[in-house]
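Participant: For reference, the structure I am asking about is given below.
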Amino acid sequence: MQDRSLTPLDRLLAGIGDALRIVVLPVGRPARPNPASTIAEAELDEREKAHAAGLMRVNHAGEIAAQGLYQGHATVARHAGNARQMQQAANEELDHLAWCEQRLTELDAAPSRLSPLWYAGSFVMGAASGILGDKWSLAFIAETERQVCDHLGRHLEKLPQVDARSRAIVEQMRVEEQQHGENAIAAGAATLPEPVRQLMRLTSKIMTTTAYRF
């Protein structure tokens, strides 16, 4: 049986369903094993535990934003192949979201209370760039993933050395985020103007600073 081609309305309705599932409900069990599943929990003092929780809350917020970005792109993608690639990346990053959520629970912490804002803002940005054409959608993805890799690298420097569970999750996320960025470039991503990249860095800084605390 041949698959039915999705209309823009179909994609929009699917995006709304994804938003409700991601922002309102717990993600649940990931499709793949947690990279920290075989690593013993370390003894963290209260300061280390709070700091690790803040960093993992930021990572969780980043994955919420990534879902919005990919879903926004997929909603308006002009070529079915690009839409499938974006949906596949979003599905893989659902595992990242679940891993971060699991780690926050272990650290007796909760996700950012501003998750709906992170998702909505990224969805709008993804859809808006997609209207300009797939090469610009892919450009936003490539630049986003590059900045995310830099950000995850800094988190590996900031996480307590003894917190091997959080570190294993972040390391695996960084590997896969880099691959997603490379896939976007290979698919024909344009190069974003420097002012746009600077605005993205500023927006990311606001989100990370806020999500660390709230």
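The values are calculated or read from the model by the stated rules, or taken from the named source; none is laboratory data. Just so it is clear, the model here is predicted, and its values are computed rather than measured. Note that each Cβ is placed from the backbone with ideal geometry, even for glycine, and that neighbours are counted across all protein chains shown.
Participant: Scan region 142-190 for residues that are closer than 16 Å to Leu97 by Cα and of a type in the set (Gly, Ala, Ser) and report the count.
Facilitator: 2
Participant: Still on this model: Which members of region 88-125 meet the condition of being among the polar types (S, T, N, Q) and closer than 16 Å to Thr144 by Cα? Spell out how you get there, then give the answer.
Facilitator: Taking region 88-125 and keeping what is among the polar types (S, T, N, Q), we get 88, 91, 102, 105, 112, 115, 122.
Correct list: Ser122 only.
Participant: Now for a separate question. Checking the condition surrounded by fewer than 20 Cβ atoms within 10 Å (Cβ to Cβ), at pLDDT 95 or above and more than 21 Å from Asp95 (Cα to Cα), which residue from Pro193, Pro160 passes? Spell out the reasoning first.
Facilitator: Values: Pro193 fails: at pLDDT 95 or above.
Selected residue: Pro160, the only one of Pro193, Pro160 that is surrounded by fewer than 20 Cβ atoms within 10 Å (Cβ to Cβ), at pLDDT 95 or above and more than 21 Å from Asp95 (Cα to Cα).
Participant: Out of all the residues in region 163-214, which are touching a residue at least 12 places away in the same chain (Cβ under 8 Å) and not in a helix (DSSP H, G or I)?
Facilitator: If the condition is that a residue be touching a residue at least 12 places away in the same chain (Cβ under 8 Å) and not in a helix (DSSP H, G or I), then Asp163, Ala187, Gly188, Ala189, Ala190, Thr191, Leu192, Phe214 are the ones that fit.
Participant: I would also like to ask the following. Out of all the residues in region 100-114, is one or more in a helix (DSSP H, G or I) and among the small types (Gly, Ala, Ser)? Explain how you work it out, then say what you get.
Facilitator: Step one: of region 100-114, the residues in a helix (DSSP H, G or I) are 100-106.
Okay, now just the ones that are also among the small types (Gly, Ala, Ser), so none.
No, there is no match, as no residue in region 100-114 is in a helix (DSSP H, G or I) and among the small types (Gly, Ala, Ser).
Participant: While we're looking at this one, here's another question. Right, Ile141: modelled with pLDDT of 95 or more and touching a Phe, Trp or Tyr at 6+ places or on another chain (Cβ under 9 Å) or not? Break it down into steps so the answer makes sense when it comes.
Facilitator: On the way: modelled with pLDDT of 95 or more: no; touching a Phe, Trp or Tyr at 6+ places or on another chain (Cβ under 9 Å): yes.
For Ile141, the condition - modelled with pLDDT of 95 or more and touching a Phe, Trp or Tyr at 6+ places or on another chain (Cβ under 9 Å) - is not met.
Participant: Within region 144-160, which residues are over 13 Å from the mean Cα position of the chain (by Cα) and closer than 14 Å to Arg174 by Cα?
Facilitator: Our first condition is that a residue be over 13 Å from the mean Cα position of the chain (by Cα); within region 144-160, this holds for 150, 153-160.
Across region 144-160, the qualifying residues are Asp150, Gly153, Arg154, His155, Leu156, Glu157.
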